[in-house]
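**Student:** I am attaching a structure below and will ask some questions about it afterwards.
A short reminder: the numbers here are calculations on the coordinates, not readings from a lab. This structure is a prediction, so every number in the text was calculated from the model and none was measured. All Cβ positions, even for glycine, are placed from backbone atoms using ideal geometry, and neighbour counts span all protein chains on display.
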Amino acid sequence: MFQILVVEDDASLRKLMSAALKQHGYVTFLANDGLEALDVLEKTNIDLIISDIMMPNMDGYEATKCIRHLQDIKKAEIPIIAMTANAFQEDAEKCIAVGMNAHLAKPLDIEKVEQTICKQVRDAKMKNRI
């Protein structure tokens, strides 16, 4: 089963995102902020992360930087998709600059989320073949 970690401080959005992903056949794990995300990632084999940017304790940018510096290469290279209300081109560029793989603007369109997940999975598979 493909396992996705949803990192979102808004409980209702976190549950909604999880439910939508489960309807598409994914297994979801949930975290309230970047610190919880790191804890889940340490204990669980996650295939992809969808993370909010603005969160208490540790935001999505800082969590991404921490993940990219993990000693476990598989976890350090996990695809990370930003989901944020910050929808400008410079916001997307900042997400990519810190090591995220893609940027989605809220409110989320679940079909666009699915397309983005599929693209990240394809890209990760291609990277591992080289």
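**Student:** Within the stretch 1-45, which chymotrypsin sites (Phe, Trp or Tyr not before Pro) sit in a loop by DSSP and count at most 16 neighbouring Cβ atoms inside 10 Å?
**Tutor:** Listed in order of number, the matching sites are Phe2.
**Student:** Along the Cα-to-Cβ line of Lys74, 7 Å from the Cα, sits a label point; which residues in the stretch 97-130 have backbone N less than 15 Å from it?
**Tutor:** In the stretch 97-130, the label zone of Lys74 (backbone N under 15 Å from the point 7 Å along Cα→Cβ) covers 125, 128-129.
**Student:** Moving to a separate point now. At a Förster distance of 25 Å, what's the computed FRET efficiency of Glu93 paired with Lys119, Cβ-Cβ distance as r, to 0.05? The partial results should precede the final answer.
**Tutor:** Working: r = 18 Å, r/R0 = 0.72.
Working from the Cβ atoms, E equals 0.90.
**Student:** Past the 18 Å Cα-Cα mark, which pairs from Lys43/Lys75; Lys75/Lys112; Lys74/Lys127; Lys74/Lys112; Lys43/Lys74; Lys75/Lys127? List each step's numbers first, then the result.
**Tutor:** Working: Lys43/Lys75 11 Å; Lys75/Lys112 24 Å; Lys74/Lys127 12 Å; Lys74/Lys112 25 Å; Lys43/Lys74 14 Å; Lys75/Lys127 14 Å.
Those over the limit are Lys75/Lys112; Lys74/Lys112.
**Student:** Here is a follow-up. Using just the helices of the chain, give the 222 nm mean residue ellipticity in deg cm²/dmol: DSSP H runs with n ≥ 4 each add -39,500 (n - 2.57), and the total is spread over all residues, rounded to 500.
**Tutor:** The helix contribution divided over the chain gives -15500 deg cm²/dmol.
**Student:** May I ask you to derive the relative contact order of the stretch 31-113, considering only C-alpha pairs under 8 Å and at least 6 residues apart, and to give it as an integer percent?
**Tutor:** RCO, the stretch 31-113: 26 percent.
**Student:** Please state the equivalent ellipsoid semi-axes for the chain: what are the square roots of 5 times the Cα gyration tensor eigenvalues, largest first, in whole Å?
**Tutor:** Numbers: eigenvalues 68, 57, 52 Å².
Taking √(5λ) for each Cα gyration eigenvalue gives 18, 17, 16 Å.
**Student:** Given R₀ = 30 Å, FRET efficiency for His24-Ala85 by Cβ-Cβ distance, to 0.05?
**Tutor:** Working: r = 23 Å, r/R0 = 0.76.
FRET efficiency, His24 to Ala85: 0.85.
**Student:** Further question on the same structure: Which value, in debye to the nearest 20, describes the size of the charge dipole of the chain about its Cα centre when Lys and Arg Cβ atoms bear +1, Asp and Glu Cβ atoms bear -1, and nothing else is charged?
**Tutor:** For the chain, the charge dipole is close to 600 debye.
**Student:** Would you mind telling me the antiparallel percentage of the DSSP bridges in the stretch 1-128, rounded to 5?
**Tutor:** 0 percent
**Student:** List the DSSP H helices in the chain whose Cα atoms stretch 15 Å or more along the helix axis and whose mean Kyte-Doolittle hydropathy is at least -1.0.
**Tutor:** Span-like helices in the chain: 11-23.
**Student:** Give me the log10 of I(q) over I(0) for the stretch 48-114 at q = 0.12, 0.17, 0.23 Å⁻¹, as the Debye formula computes it from C-alpha points; what are the numbers?
**Tutor:** The calculated log intensity ratios at q = 0.12, 0.17, 0.23 Å⁻¹ are -0.28, -0.56, -0.97.
**Student:** By how many nm would the segment from Met126 to Asp109 lengthen if fully extended, with 0.36 nm per residue of separation less the alpha-carbon distance? If you can, show how the numbers build up before the last one.
**Tutor:** Details: separation 17, 0.36 × 17 = 6.12 nm, distance 2.59 nm.
Length difference between fully extended and current span is 3.5 nm.
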